[in-house]
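Every read-out reported here was derived from the displayed coordinates using simple, explicitly stated rules and does not represent laboratory data. Please read all numbers here as calculations on a predicted model, not as lab measurements. Cβ placement follows ideal geometry from the backbone for every residue including glycine, while neighbour counts extend to all protein chains displayed.
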Amino acid sequence: MLAGALALPLARPRSAHASTWPERPIRLIVTFPPGGASDIAARVIAPVLAEQLGQPIVIENKPGAGSTIGASLVAQAPNDGYTLLMSNSAPLSISPALMPQGGYDALASFDHIAYVGAVPTVFVVHPSVPVSSFAELTAWIRAQAQPVQYGSGGLASVGQIVGELYSRQTGARLQHIPYKGSGAMRNDLLGGQIRFAVDALPQNLPFLRSGQLRLLAVTTRLPVPQAPDIPAVGQLGYPGLIAENFIGISGPAGLPEAVSQRLNDAIALVLDVPAIRAKLEGQGFVLARKSPAEFTDFVRRQAEDWGPVVRATGASL
């Protein structure tokens with residue numbers, strides 16, 4: 001189906017090196033299990049990127065240790081363009097603050113090739129929770145005799161950190177339940193085994209539409225187009241809860257410039273395909289274009305901004 005949507009010119013080789021790359025399949029490392037935002041985006045993008053590059057893109061889920069296992073694998077891989085990272089805030093902005101000796105540096109160890117977009121985070125509850133607003137959620141949690149459990153996609157996830165910040169800023173007593181991926185957590189949330197979670201918008205948006213889950217707030221300054229009726233924490237008087245996760249594609253430091261440029265060009269073409277944009281945006285991703293230099297600067301600024309916040313929560317791996 002997508003082949004017909006891809007009536008676009010292929011990125012042309014820019015050098016002799018680029019004309020021979022890629023000559024074999026490319027690994028795309030996702031640092032979370034299947035079902036999370038990074039995995040969703042990777043599986044939308046990879047088949048079309050493979051058509052652009054003329055080689056298969058093999059997605060490998062390498063979760064664990066706050067996403068540092070997958071990120072370390074890419075950081076230590078040969079810088080030949082055949083091992084790439086589905087980069088996101090967990091391994092590049094959060095885990096380095098929790099585990100400074102994690103074996104890689106978010107800037108020095110990677111070339112940040114292509115920014116894909118932002119991933120809004122939401123406060124989500126099972127319908128059995130007797131609340132219909134963010135304020136009611138806070139009041140309900142405060143009224144409980146014991147800390148309320150909240151789920152996230154795992155240790156060092158944006159969900160964990162936002163939950164910790166929420167607890168500190170509102171006085172709502174919470175107990176973090178880290179899952180091995182958002183998919184497992186969401187199954188328990190849908191079944192009512194856990195009734196509150198802080199998670200990415202894309203994987204929860206379908207359940208908002210079906211009425212199976214209730215989304216109470218999004219961690220942005222203003223509401224997002226995909227869910228305009230969900231209030232933003234910036235509007236609700238909690239600017240300290242504004243948190244932007246992101247997804248992009250990075251590689252080991254020192255990639256040949258021609259390879260990095262061809263990847264950037266190819267990913268830009270993929271994200272210009274109307275069917276791909278519609279699918280990603282329809283699931284809650286906020287797409288944007290950044291050059292490699294702009295993406296690198298974004299990673300630098302996010303690490304600087306998140307570091308003190310993460311350490312202040314007292315979170316640990």
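Listed values, structure above:
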| read-out | value |
| --- | --- |
| Sorted by Cβ density within 10 Å, fewest first, the residues Thr121, Thr219 | Thr219, Thr121 |
| Cα-based reach from Lys279 at 16 Å (exclusive), listing aspartates and glutamates while leaving out same-chain residues under 8 positions away | Asp39 |
| Normalised contact order of the range 120-241, rounded percent, pairs of Cα under 8 Å and 6 or more residues apart | 34 |
| 37 °C / 0.692 mPa s Stokes-Einstein diffusion coefficient of the chain, Kirkwood radius on C-alpha pairs, µm²/s | 165 |
| Candidate lysines - alpha carbon under 20 Å from Lys180, same-chain residues fewer than 8 apart omitted | Lys62 |
| Residue of Ala108, Ala145, Ala118 that the Gaussian network model of the chain assigns the largest fluctuation, springs spanning Cα pairs under 10 Å | Ala145 |
| Kyte-Doolittle mean at least 1.0 and Cα axial length at least 30 Å: DSSP H helices in the chain | none |
| Estimated dipole of the range 120-241 in Debye, rounded to 20 [Cβ of Lys and Arg +1, of Asp and Glu -1, Cα centre] | 80 |
| The chain: antiparallel DSSP beta bridges as a percent of all, rounded to 5 | 60 |
| Helix-only [θ]222 nm of the chain, DSSP H runs n ≥ 4, -39500 (n - 2.57) each, per residue, nearest 500 | -11500 deg cm²/dmol |
| Length-normalised contact order for the chain - Cα pairs under 8 Å, 6+ apart - percent | 28 |
| Considering only the range 120-241, percent of DSSP beta bridges that pair antiparallel, nearest 5 | 55 |
| Residues whose placed amide H lies under 5 Å from that of Ser152, excluding near-sequence neighbours | Ile177, Tyr179 |
| Cα gyration tensor, the range 120-241 - rounded (a/c under 1.5), prolate or oblate | rounded |
| Restricting the range 104-191 to chymotrypsin sites (Phe, Trp or Tyr not before Pro) in coil, as DSSP defines it, with at most 12 other Cβ within 10 Å | none |
| Ellipsoid equivalent to the range 23-126 - semi-axes via the Cα gyration tensor, in Å | 22, 19, 11 |
